[in-house]
Amino acid sequence: MEGASSVSEPPSDFTASEREMWRAFRAGEVHDLRTGVPELDNPGTSRIWGPERTVRASAVARLLLDGPPADSGRVCCLKLSGARISGQLNLSGGTVAPYIELHNCQFEQQVLMPECSFTTLRMVRCAIPRIEAARLSTEGDLHLPQCTVPGGIRLTDAHIGTDLLLNQLVVSADRHGRAIAADGLSVAQDVEAELVKATGEVSLRSARIGGRLSLRGSALRNTTGRYALNAARITIEHTLYLSSGWVSGTLSGTGTPPGGVRTRHFTCDGGVRLDDGRFGNALVVDRARFQLTTSQELSLRRIQTPELRFTPERPPTGRIVLAGAKIGNLVTEAACWPGAGLIDLSGFAYESLRPTGPFPLPARLAWLSAATPEYSPEPYEQLATALRADGMDEDAREVLLAKQRRRRETLPLAARLWGYAQDITVAYGYRPGRAAWWMAVLWAIGSVVFALNPPPELKQGEGPNWNPALYALDLLLPVIDLGQDSAWRPSGWEQWAATLLVLLGWILATTVAAGASRLLRRS
């Protein structure tokens, strides 16, 4: 170690406890100051540990920044258990080569580590007033599981060489309202933040995570600010989990819990912002609870991911925004979404819809209606495209028909009336079989009417043989000439009946043509 002391004995000003720490450091052993009584070894207690369990922060910093050489055949490392660290531990800008592992330690003041370099740093079940570690870097892990940090953690622009472990961390807001300020954080592998209890904003804006980010079973709460989780522009190479975890005694985990353990849902009391996030594998929102005010959102604007699993335990109380998001598989069901005016799907694109439970077509249409208080064609077209990709052409046509009916309500009176005509006759071209049915009905009615009341010939002896069925059909077909309608001269109410058949024939033909044109454009 560069600049390391060649003195094999601890400095004369070290206390007895610090001398033992010095010797354990050189031997790579644990300096254990615990009593063995859980109540007395809890670092979160208000009880102040005595001098026999106290080491000065300055002595710890001296070991880490300018410590002695290791004993022969050993590797220097600082392993402390059950110690009270008095004063302020300030490692700002330093380079710490020894491995550090602190268990059940009680810090008197905040820990300062900005721009400090470590190999691996592990603090487990420690009570720390605040951690200031902007631009910190590690070659290996940074572990803070089960720690209590009432003054917040700052990891802005920090770089973690492997994993960041925050499981069962209890953290509260700093004076700026942030429990964890980690904008620009870079983690080479995974971030495990399961069963965390955070009061204040957790900020991960522009963070980059090489593996997964797991917030399973965590409880985020920020009732005074806008967001409980603010991770705009985050990039996660694997998966973001906002789902449930489990805990049993000192053990915790994810996946299928063993029998007899408590399952904790992911809960968020405050807004969530994941705008412009990139998730390489999936974004999983499963059995989660979101308690949002009217001014807060679950904002997923412009996110990109191969799969979005949105199956919260119940619909969020606030607004869900998926505007501009691009998804591969959307895995969800009807009961997961809030009501009208609380969903924004404008510009939302997905390739397929995979229901996890009951999600019949009427429920999907109600979902779109709730998402579009004001008519917007895009959500309908997107759902139709996804259904067609899954081979459900009939359902896709029903969705596009629903779109035309929603559009009709926004049109002027004349256009609405024309829309009703198209709907009744051929369902805007999505049910072309209706045209043949109407044509057959009108043909039958016309044939009966003119069979009972044949019109006179236009020119005596020059007309074709009278055939009421062909005459009615010639009136209905607006383009084809069967030589019947021009050979006979109806009068009175028969003339009005003939004119009505001609008009209805043109309406049917026009609506069929409009529907065919729409289908061709869709193809």
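The values are calculated or read from the model by the stated rules, or taken from the named source; none is laboratory data. From a predicted model like this one, the values you see are computed outputs, not experimental measurements. For neighbour counting, all protein chains shown are included, and Cβ atoms are generated from backbone atoms with ideal geometry for every residue, glycine included. To get the accessible areas, we keep the full protein, side chains included, count just its heavy atoms, and leave off ligands, DNA and RNA. Shrake-Rupley method; radii C 1.70, N 1.55, O 1.52, S 1.80 Å.
Karplus-based coupling profile of the stretch 66-76, in residue order and whole Hz: 8, x, x, x, 6, 4, 4, x, 10, 10, 5, with θ = phi - 60° in 6.51 cos²θ - 1.76 cosθ + 1.60 and x standing for Gly or Pro. A cut-off of 5 Å between modelled amide H atoms, ignoring neighbours fewer than 5 places along the same chain, links residue 347 with 324. Along the charge dipole of the stretch 138-227, pointing to its positive end and built from +1/-1 on Cβ of Lys, Arg, Asp and Glu, which listed residue (170, 214, 224) has its Cα farthest out? Positive-end residue among those listed: 224. Averaging the Cα positions of each part gives two centres, and for the stretch 378-436 and the stretch 263-288 these lie 35 Å apart. For residue 79, the aspartates and glutamates whose Cα comes closer than 14 Å to its Cα, not counting residues fewer than 8 places off in the same chain, are 18, 20, 29, 32, 101. The accessible surface of the chain, taken with every protein chain in place and a 1.4 Å probe, is 53 percent carbon and sulfur.
Amide H to amide H distances under 5 Å link residue 174 with 179, where only residues 5 or more positions off or on other chains count and H is placed in the peptide plane.
Over the chain, accessible surface divided per residue gives 45 Å², non-protein components excluded, 1.4 Å probe. Give the shape of the stretch 254-370 as rounded, prolate or oblate, defined through the alpha-carbon gyration tensor: a ≥ b ≥ c are the square roots of its eigenvalues, a/c under 1.5 means rounded, and otherwise the shape is prolate if a/b is larger than b/c and oblate if not. Rounded shape, in that the Cα axes give a/c under 1.5. Taken one residue at a time, the phi angles of the stretch 264-274 give Karplus couplings (6.51, -1.76, 1.60, θ = phi - 60°) of 10, 6, 6, 10, 9, 9, x, x, 10, 10, 10 Hz. Gly and Pro are set to x. Look at the alpha carbon pairs under 8 Å that are at least 6 residues apart: their mean separation over the length of the stretch 84-157 gives a relative contact order of 28 percent. Each of 83, 117, 40 was scored by the projection of its Cα onto the charge dipole of the chain, and the greatest displacement toward the positive side belongs to 40; charges sit on the C-beta of Lys, Arg, Asp and Glu. For the peptides 195-202, 71-78, residues were scored by their other Cβ atoms within 10 Å and the scores averaged per peptide; the highest-first order is 195-202, 71-78.
Computed packing ranks the peptides 213-225, 490-502 as 213-225, 490-502, most packed first, by mean other Cβ atoms within 10 Å. So what is the relative contact order of the chain, in percent, for Cα pairs below 8 Å that sit 6 or more residues apart? So the answer I get is 5 percent. Using only the Cα atoms of the stretch 374-437, build the gyration tensor, take square roots of its eigenvalues as a ≥ b ≥ c, and label the shape rounded, prolate or oblate: rounded if a/c is under 1.5, else prolate if a/b is larger than b/c, else oblate. Taking the square roots of the gyration eigenvalues as a ≥ b ≥ c, the stretch 374-437 is oblate.
Pairs of Cα atoms nearer than 8 Å and 6+ residues apart set the relative contact order; for the stretch 132-207 it is 31 percent.
The dipole here belongs to the stretch 288-424: it is taken about the Cα centre, uses +1 on the Cβ of Lys and Arg and -1 on the Cβ of Asp and Glu, and is about 280 debye.
When Rg and the Kirkwood Rh are both derived from Cα coordinates, the Rg/Rh ratio for the stretch 355-403 amounts to 0.94.
Distance distribution note for the chain: the fraction of Cα pairs above 29 angstrom is 64%. When +1 charges are put on Lys and Arg Cβ atoms and -1 charges on Asp and Glu Cβ atoms, the dipole computed for the chain relative to its Cα centre reaches about 740 debye.
Annotation: amide H of residue 54 within the under-5 Å range of 84, sequence separation 5 or more or interchain, hydrogens built in the peptide plane.
The angle between the Cα long axis of helix 16-27 and the main principal axis of the chain comes to about 70°, on a 0 to 90 degree scale. Loop-resident GluC sites (Glu not before Pro) (DSSP state other than H, G, I, E or B) in the stretch 262-334 with no more than 10 further Cβ atoms inside 10 Å of their Cβ are absent. Taking a ≥ b ≥ c as the square roots of the eigenvalues of the alpha carbon gyration tensor, the stretch 62-174 is prolate, as a/c is not under 1.5 and a/b beats b/c.
Helices in the chain, meaning DSSP H runs of at least 4 residues, each add -39500 (n - 2.57). Divided by all residues, the mean residue ellipticity at 222 nm is -8500 deg cm²/dmol.
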